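**Q** Take this structure, written in structure tokens, and hold onto it; I'll ask about it next.
The values are calculated or read from the model by the stated rules, or taken from the named source; none is laboratory data. Here the structure is a predicted model, which means the values were calculated and not measured. A quick note on method: Cβ atoms are made from the backbone with ideal geometry, for glycine too, and the neighbour counts reach across all protein chains shown.
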Amino acid sequence: MSAGTHDNVRHLPHTTTGDPVPATEPAVMAAHPWPDTPAPITTLGALAPFPVAALPTWLGTYAEAVAHTIQTPLDLSGALALATLSTAAGGRVMVEVRPSWREQATLFTVVIMEPSARKSPVFTAMTEPVRALETVLREEARHSIETAKMHQAMAESAREKAAKEVAALAGDQVSDDASREEAIADAVDAALRAEAIAIPHPPQLIVDDVTPEQVATILADQGGRLSVLSDEGTVFGIVAGRYSGSVNAEVFLKGYSGTELRVNRGNRAEHVPRPALTMGLTIQPAVIEDLPGKLRGNGFLARILFARPAPLSGRRTIRPGPIPADIADTYMHNMLALATELHGFEEPITLTFSPEADDLMADIETEIEPKLDPENGEWADIGDWAGKLAGQTARIAALLHLAAHPNNAWNHPQISADTVADAWCIASYYATHAQATLATIGASPAVAVAEKVLDKLTAPDWPHGRRFQARYVYNAVRCKAIPTMKELQPALDLLEDLGHLAAEPLTELARRGRRPSPYYWLHPAHRT
């Protein structure tokens, strides 16, 4: 029974004053009894929090401390712990599961959070070591940059002088052809020497508010290694085509896989033989919900580890206390040591799986495979994403191995089965969150609104009990995405169709006048 089909339901009696008699639940249920259990809005239950115990102790302890002090979901600091590790690795680490299977140790993480969720201080706390390294590298590079500028200025001066000599000989009737040809050769040599002097770009490990075109340019300038870390995530909407309807993801697709990138833009041709791109973003739910379903096929979303933590608003601890100094110092020391040492490697190091780790990975692949069955598989609806899950597990395992040996991981190149087990724990967490996230792309907006409405109706602080007017719900959930009752009504209809709500029939008085805000009943299972 939907909210728009009540005309054939019997009318409520009236009092002697003409006011409608409030409907009782039995009267409402007479024609349409409650189902034993309301049908779920989606097939997914509550999403588990980030498995912080799978991180090495120093890293997990800091992620927990940040989440507690700033009062944010652990999913955010956990995802940023992985993104920061990926940034520290900087494309200088490969993981070889088997001789025919290699992955570069980079990750794309995206956390979906509501506005004003205290994201910025978490980003600052988690990325401090790599930002500190960037500052040191920039200071160290100043001398070489200025030296190159001086050499270039001298070469430019020599080129100009040689060009003037050629021009002078060209107008000199006395000079012979041999002298002119020699002057031209000298001028060409001077020009080539000037062009060969490249001014180094200041080192940059992290970018924030950028376009995909700028990412490609900076990636080329930085030797093919870069991390896009942002608490706003504007770049995600641009890449995924939220505003244009077309995908602009080539630099991200190749930056994830490490395949050659060539971009010709204006007078500049950008060539990166082996790009290594990290991504760590937060975005608002509306960004995902507004994406058209056609974007699922481009491969960009399939490379992302999504997290959808439950908001902490209304449940946050007041004055939780600072991050313990020893925990913060250990994090800073270990992450900075790892990033600093790996930055010095010209060629990437290779981590390999131990025989036991390879056996476990084979078990993981065996577990994944039937879930990909397009007809009956548990992950059939996210087959494009889940098809990369084994590779994501290997990448996570490599990063966990680096964190377990922050000072000399390159001297311990073999990844253990225990580390792979921890990586699979994290990958499994991301699988459930990917299902919840990708299912909303191209879905009816009513689904997201219905989930929000049901959360409000079943919250302990809902003040109106099981019988309430629609306007009470509207006042509770009104926002930019639900500006009027027009956007709310489809969600109420959906909840009614699924058995969560039952609408009271309109009274005769309401039929003759302006329709009032209708009354609904909440299924008794929600208020036991």
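**Q** Within the stretch 455-481, track down each residue that is modelled with pLDDT under 90 and either more than 12 Å from LEU522 (Cβ to Cβ) or crowded, with 17+ Cβ neighbours inside 10 Å (or both).
**A** Within the stretch 455-481, ASP455, PRO460, ASP461, CYS479, LYS480, ALA481 qualify.
**Q** Answer yes if at least one residue in the stretch 166-185 is under 46 Å from the mean Cα position of the chain (by Cα), farther than 30 Å from ALA67 by Cα and aliphatic (A, V, I, L, M), and no otherwise. Before you say what the answer is, go through the steps one by one.
**A** Taking the stretch 166-185 as the starting set, the residues that turn out to be under 46 Å from the mean Cα position of the chain (by Cα) are none.
Scanning the stretch 166-185 turns up no residue that is under 46 Å from the mean Cα position of the chain (by Cα), farther than 30 Å from ALA67 by Cα and aliphatic (A, V, I, L, M).
**Q** Kindly provide the set of residues from the stretch 305-326 that are buried (at least 16 other Cβ atoms within 10 Å of the Cβ) and either in a helix (DSSP H, G or I) or within 24 Å of the chain's Cα centre (by Cα) (or both), ordered by number. Walk me through it before giving the result.
**A** The initial filter retains those residues of the stretch 305-326 that are buried (at least 16 other Cβ atoms within 10 Å of the Cβ), namely 305-309, 312, 323.
Matches in the stretch 305-326: LEU305, PHE306, ALA307, ARG308, PRO309, LEU312.
**Q** Another question, if that's okay. SER157 - would you say it is among the hydroxyl-bearing types (Ser, Thr, Tyr) and assigned by TED's automatic domain parsing to the domain that holds PHE345?
**A** no
**Q** While we're looking at this one, here's another question. Quick one: in the stretch 226-238, which of the residues that are more than 12 Å from the chain's Cα centre (by Cα) and buried (at least 21 other Cβ atoms within 10 Å of the Cβ) is nearest to SER77 (Cα to Cα)?
**A** Filtering the stretch 226-238 for residues more than 12 Å from the chain's Cα centre (by Cα) gives 226-227, 238.
Now restrict to residues that are buried (at least 21 other Cβ atoms within 10 Å of the Cβ): 226-227.
On the way: LEU226: 20, SER227: 17 Å.
The qualifying residue nearest to SER77 (Cα to Cα) is SER227.
**Q** So, one more: Would you be able to say whether some residue in the stretch 15-22 is in contact with a helix residue (DSSP H, G or I) (Cβ under 9 Å, 6 or more places away or on another chain) and at pLDDT 70 or above?
**A** Scanning the stretch 15-22, I find no residue that is in contact with a helix residue (DSSP H, G or I) (Cβ under 9 Å, 6 or more places away or on another chain) and at pLDDT 70 or above, so the answer is no.
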